[in-house]
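Reading through the structure tokens given below for one structure.
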Amino acid sequence: MIKSIKTWILVGFASLLLVACGQSGGGAGSKKSKTLDNTKKAGFVKCGVSQGLPGFSNADEAGNWTGIDVDVCRAVAAAVLGDADKVKYTPLSAKERFTALTSGEIDVLARNTTWTLSRDADIGLTFVGVNFYDGQGFMVRKASGINSVNDFKNGISACTNTGTTTELNMRDFFNSKNISYEPIAFEKADEVVQAYDAGRCDTYTTDKSGLAAQRTKLSNPDEHKVLPETISKEPLGPVVRQGDSVWEDIVRWSLNTMIEAEEYGVNSSNASSLKDSDNPAIKRLVGAEGELGAAFGLDNDWSLRIIEQVGNYGESYKKHIADTGILPNRGPNELWTKGGILYVPPAR
Amino acid sequence: MNFKNLKLNLSNKNKDLIPQILTILFLILVVIYFTINAQNNMGNRGISFGFGFLSQESSFDITFSLIDYDGSHSYARAFLVGLLNTILVSAIGIFFATILGVTIGIARLSQNYLVAKSAEWYVEIFRNIPLILQIFFWYFAALRALPLTVDSINFYDISFLNVKGWYVPKFVWVNFSVFIYSLIFALILIYFLAKYAQNQRDKYGKQIPTLYISISLIFGLPLLTFLFGGVSLSFEIPELTQLSKTVYVYRGGVSIIPELISLALALSMYTATFIAENVRAGILGVSKGQKEAAASIGLTKGQILKLVVMPQALRIIIPPTTNQYLNLTKNSSLAAAIAYPDIVLVFAGTALMQTGRAIEIISITMLTYLSLSLSISVFMNWYNKKMAIKEK
């Protein structure tokens, strides 16, 4: 008996570690980027996305992925491989996402992921920027008479997703208000929506963009409303593995290029005609001046391809978030020049 | 001479031993290889390995806990909460699956056509639908069917059932320990009574009404503590409180969350089908001659079942039923789908996510399930041995 227990423990560990090994990705500290080489060899960018969040990453009936997170991966593919469609999408749950990235199953994680200190510093990840400034909010039934978070009282039950910062923020919030609450955390967003819809909980809490998107899935969306308060900062952005700084730079500047392009009024339809612009910043963006791509081992048209094939940030936001009715108002996700907080370092 | 003997030894004993040693060596090498590989890979990616995180503050709350817990406790405590919740739902599941399984199993052998057919239909329907679908069905069907808190189903003004759970009165004890001691004392007395009764039966063929004496002991002794031991019991009845215009909640009492109810329901209804088949097989496995022989020496129907049929049927029933208990325990990990805070949801879910320590947490969780299953196995094997034929 004892012997067989031991054998099972050994077998258990062996299979566990087998999973842990996976395939090897970016090498540490090398000047050349292993991830870039592997991506070029494979011919596609390995991108981790959500299991379906309208506006961010969502697949249609034909299996085509769209959303502003998806556009980050498309931008990387356009820069590195010359074709924005050369992306392989892997839908991941909140729980799986970081392991998938650190084990090399994916190379870019664009999955509405909140940038926090412990994630950045502790588990072998590097956040490269922010593509959506979000904040956690609450949704309630209009008939409930709750008009603000100050109307919450002891014993309220709140549904949310497990494995997210939401769960932690919710606790911080209720503790700070000294309210006892019943937390009900589901693994998948669809089950949260169903449970909230059935009345299992009085409020549904997650990122406000998520609330807006999930509200459309309720049986009577008009009977629900999102409370005005925002209880947390949720800067969502793409993530890469730690240790491949070239790849990290490529992803960071692919995103920055989209935002900078909007700032300078460069979009998918006018980009190529701006090659002889008078503004050097615009000329650098469309690859007519400087040798910026060489720093990552890319050609000089990398940023032009991003703008032409994917569009600038404003185009992406309008197409996926505004026109779909999720959040028509850009709020903090407006350029710094227009009263928002989108501000990227200059591409020069 | 001697040499020949040695050769003979080699071919008999050592021949078996050598492949075994080689296999174990190979396994050890494989484990070492993967450990080193994993360490290298983790090192390359800047991931550290260690169990220090277990003592850190977890900072997330859990809906339902058998022990005192909130987010200021450690991850280790959260693990314990999850483990206890897993054990709770498994124990409830095993209890009801056994009762339901035995009933259905016996019903399948009934002479009554309607009873036998209904039991057969039950088995065929519930064992052929994937468990996860049954869990979803019971959970969302229950949520949709149950009323909102304000129009709860009312049981005699002490217990209330609604979409947020089943609220029952809480027992408030005074001198609870005295009550428990009296219960333990009663159980010890019953044990000796059973020994004595068996002795009397074996020696003098005297029948002592053990059952009635036991029942009066187990109820009588604790009852006496109420009269003389200073024990008292009162109930805290759940009370409806209004939180806002349409939001109500029950305060006080004990709330049994719908996640637990539907998970336990799905697990026991599913596993009962397999246990029912085991019971049927066990009873059919006892030959008719045994019953006839027992009847011919004048045993009553109850005695035949208790003394002749069941001891033999149990030998057939126990081993496959052990498997079902193990399955039920492992299947309880599907809890994560409907937000029942078991070890998979709490520890291999939220805790894993917050700490990012996948390898550590998954190995702890695997070892936990392994030890849970092995404990059930060990217990059932002991019971099986006890029930096995004792050759004299």
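Residue-wise test of (1) β-branched (Val, Ile, Thr); (2) in contact with a Gly (Cβ under 9 Å, 6 or more places away or on another chain); (3) more than 9 Å from every other protein chain (Cβ to nearest Cβ); (4) not in a helix (DSSP H, G or I).
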{"position": "A:72", "(1), (2), (3), (4)": "yes, yes, yes, no"}
{"position": "A:78", "(1), (2), (3), (4)": "no, no, yes, no"}
{"position": "A:84", "(1), (2), (3), (4)": "no, no, yes, yes"}
{"position": "A:133", "(1), (2), (3), (4)": "no, yes, yes, yes"}
{"position": "A:140", "(1), (2), (3), (4)": "yes, no, no, yes"}
{"position": "A:150", "(1), (2), (3), (4)": "no, no, yes, no"}
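Does region B:232-290 hold any residues that are among the small types (Gly, Ala, Ser) and surrounded by fewer than 16 Cβ atoms within 10 Å (Cβ to Cβ), and which are they?
To start, the set of residues in region B:232-290 that are among the small types (Gly, Ala, Ser) comprises B:232, B:234, B:244, B:252-253, B:255, B:262, B:264, B:266, B:268, B:272, B:276, B:281-282, B:285, B:287, B:289.
B:232, B:234, B:252, B:281, B:285, B:287, B:289 - these are the residues of region B:232-290 that are among the small types (Gly, Ala, Ser) and surrounded by fewer than 16 Cβ atoms within 10 Å (Cβ to Cβ).
Would you confirm whether any residue within region A:117-127 is within 11 Å of another protein chain (Cβ to nearest Cβ), of a type in the set (Asp, Glu), assigned to a helix (DSSP H, G or I) and more than 22 Å from residue A:97 (Cβ to Cβ)?
No, region A:117-127 has no match at all.
Evaluate the following for residue A:97: is it under 14 Å from the mean Cα position of the chain (by Cα), more than 17 Å from residue A:316 (Cα to Cα) and not hydroxyl-bearing (Ser, Thr, Tyr)?
Working: under 14 Å from the mean Cα position of the chain (by Cα): yes; more than 17 Å from residue A:316 (Cα to Cα): yes; not hydroxyl-bearing (Ser, Thr, Tyr): yes.
Criteria met by residue A:97.
Residue A:259 passes all but one of (1) surrounded by 19 or more Cβ atoms within 10 Å (Cβ to Cβ); (2) over 20 Å from residue A:49 (Cα atoms); (3) within 13 Å of chain B (Cβ to nearest Cβ); which number fails?
For residue A:259, the failing item is (3).
Would you check which residues across region B:219-260 are in a strand (DSSP E or B) and polar (S, T, N, Q) and list them? Outline the logic, then answer.
So in region B:219-260, the residues in a strand (DSSP E or B) come out as B:232-236, B:239-242, B:248-251, B:254-256.
Result: B:232, B:234, B:241, B:242, B:255.
State all residues of region B:142-159 that are within 14 Å of chain A (Cβ to nearest Cβ) and out of contact with any helix residue (DSSP H, G or I) (no Cβ under 8 Å at 6 or more places or on another chain); if no residue qualifies, say none. Step through it out loud before you land on a result.
First, the residues of region B:142-159 that are within 14 Å of chain A (Cβ to nearest Cβ): B:142-152.
Hits for region B:142-159 are B:145, B:147, B:148, B:149, B:150, B:151, B:152.
Can you report the number of residues in region A:86-105 which are part of a loop (DSSP other than H, G, I, E, B) and over 8 Å from residue A:48 (Cα atoms)? Outline the logic, then answer.
As a first pass, look at region A:86-105 and keep what is part of a loop (DSSP other than H, G, I, E, B): A:86, A:92-96, A:103-105.
Next, from what is left, pick out any that are over 8 Å from residue A:48 (Cα atoms): A:86, A:93-96, A:103-105.
Final tally of qualifying residues: 8.
Of these, A:251, A:240, which one is in contact (Cβ under 8 Å) with a residue 24 or more places away in the chain, crowded, with 17+ Cβ neighbours inside 10 Å and in a helix (DSSP H, G or I)?
Only one candidate qualifies: A:251.
Scanning region B:350-368 for residues that are at the interface with chain A (Cβ under 10 Å from one of its Cβ atoms) and over 22 Å from residue A:113 (Cβ atoms), which turns out modelled with the lowest pLDDT? Please lay out each step first, then the result.
Taking region B:350-368 first, the residues at the interface with chain A (Cβ under 10 Å from one of its Cβ atoms) are B:350-359, B:362-363, B:366-367.
If we keep only those that are over 22 Å from residue A:113 (Cβ atoms) as well, we get B:363, B:366-367.
Values: B:363: 91, B:366: 94, B:367: 94.
Across region B:350-368, the extreme among qualifying residues is B:363.
Residue B:347 passes all but one of (1) within 24 Å of residue B:140 (Cβ to Cβ); (2) more than 10 Å from chain A (Cβ to nearest Cβ); (3) buried (at least 22 other Cβ atoms within 10 Å of the Cβ); (4) not β-branched (Val, Ile, Thr); which number fails?
The failed condition is (1).
Please work out if residue B:275 is in contact (Cβ under 8 Å) with a residue 12 or more places away in the chain, under 22 Å from the mean Cα position of the chain (by Cα) and within 14 Å of chain A (Cβ to nearest Cβ).
Working: in contact (Cβ under 8 Å) with a residue 12 or more places away in the chain: yes; under 22 Å from the mean Cα position of the chain (by Cα): yes; within 14 Å of chain A (Cβ to nearest Cβ): no.
Judged against the criteria, residue B:275 is not a match.
Just give me the residues in region A:33-76 being touching a residue at least 12 places away in the same chain (Cβ under 8 Å) and basic (Lys, Arg), in sequence order.
A:34, A:40, A:46, A:74
Of (1) away from every other protein chain (no Cβ under 14 Å); (2) not in a helix (DSSP H, G or I), residue B:166 satisfies all except one. Which?
The single condition residue B:166 does not satisfy is (1).
State whether the residues of region A:178-191 include one that is more than 7 Å from chain B (Cβ to nearest Cβ), free of Cβ contacts under 8 Å to residues at least 60 places away in the same chain and part of a strand (DSSP E or B).
yes
State all residues of region A:164-179 that are at pLDDT 90 or above and surrounded by fewer than 24 Cβ atoms within 10 Å (Cβ to Cβ); if no residue qualifies, say none.
The initial filter retains those residues of region A:164-179 that are at pLDDT 90 or above, namely A:169-179.
Scanning region A:164-179 gives A:169, A:171, A:172, A:173, A:174, A:175, A:176, A:177, A:178, A:179.
Taking residue B:284 as meeting all but one of (1) within 11 Å of chain A (Cβ to nearest Cβ); (2) more than 20 Å from residue B:264 (Cα to Cα); (3) touching a residue at least 60 places away in the same chain (Cβ under 8 Å), write down the number of the exception.
(1)
The values are calculated or read from the model by the stated rules, or taken from the named source; none is laboratory data. Since this is a predicted model, take the numbers as computed values, not measurements. Using ideal geometry, Cβ is built from the backbone for each residue, glycine included, and neighbour counts are taken over all protein chains shown.
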